[in-house]
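The values are calculated or read from the model by the stated rules, or taken from the named source; none is laboratory data. All of these numbers come straight from a predicted model, not from anything done at the bench. Here Cβ is always computed from backbone atoms with ideal geometry, including for glycine, and neighbour counts include all displayed protein chains.
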Amino acid sequence: MRVAVFSAKAYDRRFLDAANAAFGHELDYLEARLDASTAALAAGRPAVCVFVNDRLDAGVLEALASVGVKAVALRCAGYNNVDLAAAERLGITVVRVPAYSPEAVAEFTLGLILALDRNIPRACNRVRENNFALDGLIGRNLSGRVAGVVGTGRIGALVARMLRLGFGCEVLASDVFQDEALVAAGVRYVPVETLLREADLVSLHCPLTPETRHLIDATAIAQARDGVMIVNTSRGALIDTTALIEGLKSRKVGGVALDVYEQEADLFFEDLSNEIIQDDVFQRLLTFPNVLVTGHQAFLTEEALGAIAQTTLGSLAEIEAGQVPRHQVLREAVVAGG
Ligand code: NAD
């Protein structure tokens, strides 16, 4: 199948080309991000392959349909950037990669927690300047602390296990479904309000839906423990960044580690080191000594990229063969929140 691969980076090409040896798709790599101004570049291809910050709203989907696109393959798990109702109306099949390597994201989440809590990036910067003073670098043991995991699906369940069994935290969890294996491991399910009230550390692992947008807002922050640490490796819009900044300024929030940001589409995945960043909220966030931000890289392991390529190209082969793809995203799934 001929496929326009949008937002293609060198690492995407490497893993897609390697996996494609078994499929023989015709992959046309485009550096451009998919939006209204670039949709026409897909002309002549029945499928497009996209990533988290490509835009697939109704207008873009209509533009894609008008140039003959019949399938959208997301090389990611989240699909909050796709107007599924419009896709259904236009007869465009949408597929995603539901689980490529939850370990990649869970391990990175633990990395962020440790790096933030123990001031590892700040310490490395100091040592680079021959500053070996330890003032200001005091951390806290994870062992014995109360960790709250919101969303215990593939990634959240692993994070809960690592915190509980690996670090000896008391783990509270909040989800619409209860994972009995986690309960057996000592994880306690509580309503999200209780989790916020009791947890020293809150880590977000639920999808972005209308219900979870700004889950962490001014009200949630007010309910939280003083000095709470907030970690988000899921989707940026789970957090109201302006409220988060107010929480940091008042010291109600004691630390923040983010791999995602609500307005990341204008920033992440590009080298903007010679540009003037216009996003004042993001720039303010970076000024806090107790904030750590990475540019949506929790998924970025050899294993995950290999699995993403394999599943994406497999789904496109199923579509080409006229089969119902196993990893199709249906509109009902949004209503169910998964
Ligand atoms: P998943 O579907 O396996 O699990 C999500 C869980 O959240 C489910 O158990 C679901 O019941 C639960 N949930 C839904 N609504 C909820 C609510 N209102 N409150 C509490 N729980 C709720 O998803 P996953 O694969 O574990 O992914 C989790 C998140 O991580 C997604 O947002 C995904 O987009 C994101 N993600 C980020 C990266 C990255 O590189 N940073 C990579 C992969 C996935």
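Computed quantities for the displayed model
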| quantity | calculated |
| --- | --- |
| Test: residue in segment 323-331 that is within 17 Å of LEU208 (Cβ to Cβ), outside the structural domain of GLU198 (by TED's automatic domain parsing), surrounded by fewer than 19 Cβ atoms within 10 Å (Cβ to Cβ) and not aliphatic (A, V, I, L, M) | yes |
| Residue, farthest from the ligand (Cβ to nearest atom), within segment 174-194, restricted to residues that are of a type in the set (A, V, I, L, M) and within 12 Å of LEU158 (Cα to Cα) | ALA185 |
| Check on ASP17, closer than 29 Å to ASP259 by Cβ and not in a loop (DSSP other than H, G, I, E, B) | yes |
| Criterion (farther than 30 Å from VAL60 by Cα, in contact (Cβ under 8 Å) with a residue 60 or more places away in the chain and touching a strand residue (DSSP E or B) at 6+ places or on another chain (Cβ under 6 Å)) met by exactly one of LEU201, LEU172, LEU195 | LEU201 |
| Residues of segment 266-285 satisfying the condition of being under 19 Å from the mean Cα position of the chain (by Cα) and either part of a loop (DSSP other than H, G, I, E, B) or within 14 Å of the ligand (Cβ to nearest atom) (or both) | LEU267, PHE268, PHE269, GLU270 |
| Out of ALA71, ALA123, sole residue that is under 19 Å from SER315 (Cβ atoms), more than 11 Å from the ligand (Cβ to nearest atom), among the small types (Gly, Ala, Ser) and over 13 Å from the mean Cα position of the chain (by Cα) | ALA71 |
| Condition check for GLY236: of a type in the set (Gly, Ala, Ser), without any contact (Cβ under 8 Å) to a residue 60 or more places away in the chain and assigned by TED's automatic domain parsing to the domain that holds ARG118 | yes |
| Which listed residue, of LEU163, LEU114, LEU195, LEU142, is assigned to a helix (DSSP H, G or I) and either among the acidic types (Asp, Glu) or touching a Cys at 6+ places or on another chain (Cβ under 7 Å) (or both) | LEU163 |
| Within segment 210-238, tally of residues that are of a type outside the set (A, V, I, L, M, F, W, C), within 14 Å of the ligand (Cβ to nearest atom) and out of contact with any His (no Cβ under 7 Å at 6 or more places or on another chain) | 10 |
| Any pair with Cβ under 6 angstrom, 6 or more apart, that starts in segment 104-116 at a residue that is in contact (Cβ under 8 Å) with a residue 24 or more places away in the chain and near the ligand (Cβ under 10 Å from one of its atoms) and ends at one that is of a type in the set (A, V, I, L, M, F, W, C) and part of a helix (DSSP H, G or I) | ALA104/ALA304; VAL105/ILE155; ALA106/ILE155; ALA106/LEU158; ALA106/VAL159; THR109/VAL159 |
| Some residue of segment 310-330 being over 30 Å from HIS25 (Cα atoms), within 16 Å of the ligand (Cβ to nearest atom), modelled with pLDDT under 95 and outside any helix (DSSP H, G or I) | no |
| Out of GLU31, GLU62, sole residue that is within 20 Å of ASN81 (Cα to Cα) and not in a loop (DSSP other than H, G, I, E, B) | GLU62 |
